[in-house]
Amino acid sequence: MSRRFRFEAPTDGRSMAAQVLHNLIETAPNSDLSELIRQASEGLDRREISLGLAIIYGTLTYIYPIEYVIAQLSSRPFEELTPFLRTVLRLSFWQLIYADRLPASAVVNEAGKLLHRYTHRGNVNYANAILRAYLRRPVEIPADRPDLHFSMSSDMTDAFIEWYGREAAEIIMTALLERPPLTVRVNRSQAEPEQVEADLIAQGAKPRPARFMPGAYHLTLNESGLTESDSWRRGWITVQGEAAQCAGSICRPQPGQIVLDACAAPGGKTAQIIESLILREKAYMPEGSRVVATDLSAQRLVKLNETLSRLRLSDYPGLTVRVEDAADKTAKQPETYDWIILDAPCSALGLMAGSPDIRLNKSRESANALLPLQADMLEVAAYQVRRGGYIIYCTCTLNPAENQEQVARFLLSDAGSDFSTVDLTEYLPTKLLALLADGLPGKETIRQGQLTFLPGYHGTEGFFISLMKRN
């Protein structure tokens, strides 16, 4: 890790991308990518922000083959190059290899300007020589290197092949290279989908109905453009992946029941549950249900409260938000909740397409690091749920050890001995059931109370859902 660089305010998309990538990779690897982007894009117009985002996401997505190409052309070991030179080479090679519409001469010239601005002439000359050497004779990626073709560590590509078989793994890993559209869910307590669709069309967002979730749309806007829309400001929509929406829609409390959303931040599922309760209570006026949203991080709960406030949901009378450790049984009451949603911390492998920084330094060992924590959370959830109540266990990973195998271990444990899985058929959207009947993976597993959404097959982020009932 290098010392933190003192950047001037970015003046264009390339300097924005350089600042974000350098801070994320070279100086603060655990930084929040969205926050780095927010800071670096302040004051830039939408066109430059769009260019910067394309470079950032593209470079992170293809970082493994990019660094391989640089290493083949460099006379010095890649790790011995100065940190900012590595940064500029990474983003420049993404532009040369993967961005066909950017003129090569402009890429080389802009690389020189960035290096001249922050380093010395020697780095400018070195980068110029490497970039022009590639233009004269492009480096080919070896056919026998799936880690480079799919831009993951060799350990992770081997893992995907082991988990899913080579053919399916290659389909999944290819899909994880493609940046997904932005998916939003309509807040039906504030607006109808037709209103939102008309407003988004007026904003130039070109909404397309999502594949199977009602009231969901895919947009061509990036997130910074979305927040400028009237639909966003009015609280009519929120960003949420289609598979995550499906998990939230499974929770169907009866009047007067209590729902716990453990690990609730940033609040997508909490909002989804409250919206459904408001709609039902408007129509039937039953005894109100209660929703308890908890998270270990007070800072993350600030984001949850901001989300609920923007969606006009924070004043729901049955809502409680509090800091709480979902893995600690201390001070918790047994048999308190009728429904518990446990969207557990995980390796997040299913989100690599939209959050490519997940690729950085990811290994099979790190992908399994949270298994004990997930097991503890399931044990605490079992303690807190009432008899006849439900646990929705879900993750945004594709690692079976965190998904099916974690559930199987729980059901065999003392804590899970009086739980069984519940057939998901009656809980899933009609369109999704039709797709599964037509051959999408998952038709058999839903009867066993489980569904894994696979990029390249289901058209969503990678996601796992299991529904269990306490007998």
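The values are calculated or read from the model by the stated rules, or taken from the named source; none is laboratory data. Here the structure is a predicted model, which means the values were calculated and not measured. Cβ sites come from the backbone with ideal geometry, for glycine too, and all protein chains shown count toward neighbours.
In this structure, does residue 92 turn out to be farther than 30 Å from residue 145 by Cβ, in contact with a helix residue (DSSP H, G or I) (Cβ under 8 Å, 6 or more places away or on another chain) and part of a helix (DSSP H, G or I)?
Values: farther than 30 Å from residue 145 by Cβ: no; in contact with a helix residue (DSSP H, G or I) (Cβ under 8 Å, 6 or more places away or on another chain): yes; part of a helix (DSSP H, G or I): yes.
Taking the combined requirement at face value, the residue does not satisfy it.
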- Item | Of all residues in the stretch 346-361 being out of contact with any helix residue (DSSP H, G or I) (no Cβ under 6 Å at 6 or more places or on another chain) and of a type outside the set (A, V, I, L, M), the one that is surrounded by the fewest Cβ atoms within 10 Å (Cβ to Cβ) | 361
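For every residue, the table says whether it meets (1) among the charged types (D, E, K, R); (2) buried (at least 22 other Cβ atoms within 10 Å of the Cβ); (3) within 26 Å of residue 13 (Cβ to Cβ); (4) in contact with a strand residue (DSSP E or B) (Cβ under 9 Å, 6 or more places away or on another chain).
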position: 200; (1), (2), (3), (4): no, yes, yes, yes
position: 206; (1), (2), (3), (4): yes, no, yes, yes
position: 210; (1), (2), (3), (4): no, yes, no, yes
position: 215; (1), (2), (3), (4): no, no, no, yes
position: 220; (1), (2), (3), (4): no, no, yes, yes
position: 225; (1), (2), (3), (4): no, no, yes, yes
position: 229; (1), (2), (3), (4): no, no, yes, yes
position: 234; (1), (2), (3), (4): yes, no, no, no
position: 242; (1), (2), (3), (4): yes, yes, no, yes
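State all residues of the stretch 334-358 that are assigned to a loop (DSSP other than H, G, I, E, B), under 25 Å from residue 471 (Cα atoms) and within 17 Å of the chain's Cα centre (by Cα); if no residue qualifies, say none. Before you say what the answer is, go through the steps one by one.
Our first condition is that a residue be assigned to a loop (DSSP other than H, G, I, E, B); within the stretch 334-358, this holds for 334-336, 344-348, 352-355.
Subsequent filtering for residues that are under 25 Å from residue 471 (Cα atoms) retains 334-336, 344.
Listed by number, the list holds a single entry, 344.
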- Qualifying position, being farther than 28 Å from residue 174 by Cβ, in the same structural domain as residue 135 (by TED's automatic domain parsing) and buried (at least 20 other Cβ atoms within 10 Å of the Cβ), among 89, 53, 114, 21: 114
- Are there any pairs with C-beta distances below 6 angstrom linking a residue in the stretch 348-375 that is without any contact (Cβ under 8 Å) to a residue 12 or more places away in the chain to a residue that is part of a loop (DSSP other than H, G, I, E, B), with the two at least 6 apart or on different chains, and if so which? 358/348; 358/352
- Query: Of all residues in the stretch 95-109, how many are closer than 13 Å to residue 55 by Cα and part of a helix (DSSP H, G or I)?
  - Reply: 5
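If you check 38, 47, 76, which single one turns out to be in a loop (DSSP other than H, G, I, E, B) and of a type in the set (D, E, K, R)? Outline the logic, then answer.
Values: 38 fails: in a loop (DSSP other than H, G, I, E, B); 47 fails: in a loop (DSSP other than H, G, I, E, B).
The match here is 76.
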- Message: Against the conditions (1) under 23 Å from the mean Cα position of the chain (by Cα); (2) without any contact (Cβ under 8 Å) to a residue 40 or more places away in the chain; (3) surrounded by 20 or more Cβ atoms within 10 Å (Cβ to Cβ), where does residue 291 fall short? Just the number, please.
- Response: (1)
- Message: Tell me whether the stretch 436-445 contains one or more residues that are touching a residue at least 12 places away in the same chain (Cβ under 8 Å), farther than 20 Å from residue 251 by Cβ and out of contact with any helix residue (DSSP H, G or I) (no Cβ under 6 Å at 6 or more places or on another chain).
- Response: yes
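Please count how many residues of the stretch 265-290 are assigned to a helix (DSSP H, G or I) and either modelled with pLDDT of 90 or more or hydrophobic (A, V, I, L, M, F, W, C) (or both).
So the count comes out to 13.
For the stretch 223-256, enumerate the residues that are polar (S, T, N, Q) and modelled with pLDDT under 95.
So the first thing to find is which residues in the stretch 223-256 are polar (S, T, N, Q), and the list is 224, 227, 229, 231, 238, 240, 245, 249, 254.
If the condition is that a residue be polar (S, T, N, Q) and modelled with pLDDT under 95, then 224, 227, 229, 231, 254 are the ones that fit.
Tell me, please, whether a residue that is under 22 Å from residue 179 (Cα atoms) and touching a Ser or Thr at 6+ places or on another chain (Cβ under 7 Å) can be found in the stretch 74-82.
Step one: of the stretch 74-82, the residues under 22 Å from residue 179 (Cα atoms) are none.
No, there is no match, as no residue in the stretch 74-82 is under 22 Å from residue 179 (Cα atoms) and touching a Ser or Thr at 6+ places or on another chain (Cβ under 7 Å).
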- Count - residues of the stretch 52-68 that are over 12 Å from residue 18 (Cα atoms) and either over 21 Å from the mean Cα position of the chain (by Cα) or β-branched (Val, Ile, Thr) (or both): 6
- Query: Which pairs do you get when a residue that is within 23 Å of residue 102 (Cβ to Cβ), found in the stretch 1-14, comes within reach of a residue that is at pLDDT below 60, reach meaning Cβ atoms under 7 angstrom, with the pair 6+ apart or on two chains?
  - Reply: none
- Out of the stretch 293-329, which residues are assigned to a helix (DSSP H, G or I) and either over 21 Å from residue 32 (Cβ atoms) or among the aliphatic types (A, V, I, L, M) (or both)? 298, 301, 302, 304, 308
- Among helices (runs of 4 or more DSSP H) completely within the stretch 139-206, the ones holding 3 or more residues that are modelled with pLDDT of 95 or more are 146-149, 154-164, 166-175
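Being within 19 Å of the chain's Cα centre (by Cα) and over 30 Å from residue 77 (Cα atoms) narrows it down to one residue among 179, 166, 208; which is it?
Details: 166 fails: within 19 Å of the chain's Cα centre (by Cα); 208 fails: within 19 Å of the chain's Cα centre (by Cα).
After applying the criteria, what remains is 179.
If I ask for residues that are of a type in the set (A, V, I, L, M) and surrounded by 12 or more Cβ atoms within 10 Å (Cβ to Cβ), which ones from the stretch 409-433 would you list?
Of all residues in the stretch 409-433, those of a type in the set (A, V, I, L, M) come to 411-412, 415, 422, 424, 428, 432-433.
Of everything in the stretch 409-433, those that are of a type in the set (A, V, I, L, M) and surrounded by 12 or more Cβ atoms within 10 Å (Cβ to Cβ) turn out to be 411, 415, 422, 424, 428, 432, 433.
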- Conditions (1) closer than 17 Å to residue 462 by Cβ; (2) of a type in the set (Gly, Ala, Ser); (3) buried (at least 21 other Cβ atoms within 10 Å of the Cβ) -> residue 366 fails only (3)
- Message: Let me confirm something: among 457, 427, 390, which residue is under 19 Å from residue 169 (Cα atoms) and touching a residue at least 60 places away in the same chain (Cβ under 8 Å)?
- Response: 457
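For the condition out of contact with any Gly (no Cβ under 9 Å at 6 or more places or on another chain), buried (at least 17 other Cβ atoms within 10 Å of the Cβ) and among the polar types (S, T, N, Q), what is the one hit in 384, 333? Full working, then the answer.
Details: 333 fails: buried (at least 17 other Cβ atoms within 10 Å of the Cβ).
384 is the lone residue from the list that is out of contact with any Gly (no Cβ under 9 Å at 6 or more places or on another chain), buried (at least 17 other Cβ atoms within 10 Å of the Cβ) and among the polar types (S, T, N, Q).
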- Can you tell me which of 189, 154 is in contact with a helix residue (DSSP H, G or I) (Cβ under 8 Å, 6 or more places away or on another chain), surrounded by fewer than 16 Cβ atoms within 10 Å (Cβ to Cβ) and polar (S, T, N, Q)? 154
